[in-house]
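Rule-based calculations on the coordinates, nothing more; no lab input. Keep in mind the model is a prediction, meaning the values are calculated, not measured. Note that each Cβ is placed from the backbone with ideal geometry, even for glycine, and that neighbours are counted across all protein chains shown.
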Amino acid sequence: MAATEQTIDQVRELTEGKYKYGFFTDIESEMAPKGLSEDIVRFISAKKGEPDWLLDWRLRAYRHWLTMAEPDWGKLHYPPIDYQDAYYYAAPKVKEKPKSLDEVDPELLKTYEKLGIPLKEQAILAGVEGAGDMPAVAVDAVFDSVSVATTFKKKLEEKGIIFCSISEAIQTHPELVRQYLGTVVPYSDNYFATLNSAVFTDGSFVYIPKGVRCPMELSTYFRINAKNTGQFERTLIIADEGSYVSYLEGCTAPQRDENQLHAAVVELVALNDATIKYSTVQNWYPGDENGKGGIYNFVTKRAACRGKNSKVSWTQVETGSAITWKYPSCILQGDNSVGEFYSVAITNNMQQADTGTKMIHIGKNTRSTIVSKGISAGKAQNTYRGLVRILPKAEGARNYTQCDSLLIGDKCGAHTVPYIESKNRSARIEHEATTAKISEDQLFYCRQRGLAEEDAVSLIVNGFCKEVLKELPMEFAVEAQKLVAISLEGSVG
Amino acid sequence: MPLIEIKNLHASVDGKEILKGIDLTIDAGEVHAIMGPNGSGKSTLSYVLAGRDGYEVTDGSVTFAGVDLLALEPEERAAAGLFLAFQYPVEIPGVSNTTFLKEALNAIRKTRGEPALDAMQFLKLIRAKAKDLSMTDEMIKRAVNVGFSGGEKKRNEALQMAVLQPKLAILDETDSGLDIDALRIVAEGVNALRSPERAMLVITHYQRLLDYIVPDVVHVLAHGRIQRTGGKELALELEAKGYAEFGADEAA
Ligand SMILES: Nc1ncnc2c1ncn2[C@@H]1O[C@H](COP(=O)(O)OP(=O)(O)O)[C@@H](O)[C@H]1O
Ligand SMILES: [Mg+2]
């Protein structure tokens, strides 16, 4: 499970070190000046030694972005973002590992403890010197915009699997990157994706060759660290014919006061008979109970099921961030292709989430399943926004959508905004939606059996989310269940 | 020493007084029955003892196993050994019976300073108890009370009681919704728990249940007070005469 966190936390103390050594003013920090301009785009591209075609692509994106307006259709309220008041490039510096757990941030350890991670493992996670061997999960850490660690590469290479940072892929496999980058999410797609295309600094790249079943879960642990540094991750996963891969993305973030912008893009391509399972546990700093601080998370995630019989399954557990704007989608192009979206979104205190999916049925007999569980507590607002579109040639297409909302307390809100467009009479679309409150009956019943109120809420909510949580790989599922409990702390009583 | 001692207990719901001075003492090892017309306050008494929100105690005291019961939170009362088999058991979608009971038992054990049971130990325990109640493995895996028939829900309450092994079990109309075979099975389960350290308070509208769970003492509750107390023959008398002599309560 949490071995996935290893690298991040190894890297975490790198950045902690930065504060200590006054990194921000240090020229060695390789931090670009604040603000966004063509020069910054060129600077980023030059720093990374990118080929001309990529610089051109970035510049086209940047110029296009200047003509765009920030979307305002989400059910989200936040002060205007000053895009000139952020840094767009920062590279981490290598620092010594802590000698023991005593040297590790106690806040971090507290979180580990709540997640039930044993002490020995905590030491490994925190990157304490000599505390552990290689993790059981392949990790590619994206940290402060530059991938700093890639493990298990050898084992993957034997199978011909490429798993590395996208910057590295640009150098080592430019033809693959060029063939697929921007083909699922074009640079002009939307405000945040366009911004990302101009200034993305790093992310993961995965290629699974024909007929290969990836022997392990691939994992990236994101972590936002440098102050005021917007994070613009770019991930590209290609599953060639008949291949299979399961990819885990997880995030945690230390507390901080400033709102931080995050605009990632994830592109997935599944060719004939290929399957991609993409799981996310997102737990960025949500802000305090008054809504101060917290991450702004504007993400574009999209999968192209290009081949016949291809399948993409998105599973997400969203508990963090002050603002979540995110619609992992599937373009079901290949005949008989399958798209799935399983989502748990928990908002507490002042958090706002506007999340859902788009299932675009193009090929014949394409099928999609949407299961969304929204939980609101405190004064939070939680919106499911989903589009199911059946195009004229999608003979026999089927969609099943289930949207359930759970309210804790009476100051929060849950909203369901389903859009359905069908241009083929043979399509079958089913939509079910429910909204419920945790009842006093249920709470009393649990407490009468000996459970404290918060444990009762956590049990009831975990039950409510079960259909989604069971889609997660084992190592994530256990952590996710605990996260559900942690994110609802203080929501009752 | 009495296991539970209720003195002059007054309680209101929504500002309306329902319990108007209950006095009731139960010793360990005893089974007491409370009978009474609908709406007389039987369920209210069970909720007040279990500490449900909204049931306000306005006067009186309750001492349970030597402690002031009314000062405890509901979960602390459970840990102290008080169990309520609900008249209307509650559904918890997505949470299996096994998970629910394991969490509950381990929460209680933790409060008592006892080590938690691991998954295997617990599974062994719940399987054995389920078998006694003729419950299948499939039933204990199902979500708590979801899709259960009325009778299955009551049997599930008996299962929880058997696993949690309370000092005082309050059974609120456990007979309602049970056919005669299920009634016998549940009654056997309850009887198996009878022991010198344990007491039961069996709430029922009908005498029928008391043929199977034979009480030591029978009380009649009406108008928020215990009106009469006697031996098990009092139940038979009520069965014959009805509650007419106590006057009709408002319907519940
Ligand atoms: N939540 C409630 N709000 C208002 N009145 C209630 C509530 N619960 C019970 N009562 C009233 O209290 C009285 C006793 O009810 P109850 O304890 O359920 O009786 P019994 O279990 O003996 O049938 C009835 O008049 C009922 O209407
Ligand atoms: Mg009743």
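A few notes on this one:
- On the basis of the beta-carbon distance and an R0 of 56 Å, A:Lys482 and B:Lys7 show a calculated FRET efficiency of 0.80.
- Sequence ranges A:308-316, A:183-191, A:76-84, ranked by mean other-Cβ count within 10 angstrom, highest first: A:308-316, A:183-191, A:76-84
- When only the Cβ of Lys, Arg, Asp and Glu is charged (+1, +1, -1, -1), the dipole of region B:4-246 relative to its Cα centre reaches about 480 debye.
- GluC sites (Glu not before Pro) restricted to region A:267-326 and DSSP loop, no more than 13 other C-beta within 10 Å: A:Glu289
- Residue ranges A:451-461, A:37-47, A:204-214 sort as A:451-461, A:204-214, A:37-47 when ordered by packing (mean number of other C-beta atoms within 10 Å per residue, highest first).
- Per-residue average of Cβ from other chains inside 10 Å of B:160-167: 1
- Chain B: calculated mean residue ellipticity at 222 nm from DSSP helix runs of at least 4, using -39500 (n - 2.57): -11000 deg cm²/dmol
- Rounded to 5, percent antiparallel among DSSP beta bridges of region B:4-246: 60
- Averaged over B:72-79, number of beta-carbon atoms from partner chains that fall within 10 Å: 5
- Coordinate range of the alpha-carbon atoms in chain B per principal axis, descending: 53, 39, 35 Å.
- The gain in end-to-end length when the A:Thr67 to A:Lys292 segment is fully stretched comes to 77.9 nm, 0.36 nm per residue minus the alpha carbon separation.
- The loop-placed trypsin sites (Lys or Arg not before Pro) in region B:34-128, going by DSSP, that have at most 12 neighbouring Cβ atoms within 10 Å of their Cβ come out as B:Arg112.
- Among the chymotrypsin sites (Phe, Trp or Tyr not before Pro) in region A:391-454, none is located in a DSSP loop while being surrounded by at most 15 other Cβ atoms within 10 Å of its own Cβ.
- Region B:4-246: relative contact order in percent, alpha carbon pairs under 8 Å with at least 6 residues between: 28
- Shielding of B:92-105 by partner chains, average beta-carbon count, 10 Å: 5
- Rounded D (µm²/s) - region A:300-448, Kirkwood Rh over Cα pairs, Stokes-Einstein at 4 °C, 1.567 mPa s: 82
- With Cα atoms, 0 to 90° folded angle of helix B:180-193 axis to chain B main axis: 80
- Summary of the geometry: region A:403-427 and region B:130-205, compared by the centres of their Cα atoms, lie 39 Å apart.
- Charge-dipole axis of region B:4-246 as Lys and Arg at +1 and Asp and Glu at -1 on Cβ define it, positive-most pick from B:Val217, B:Asn106, B:Ile203: B:Asn106
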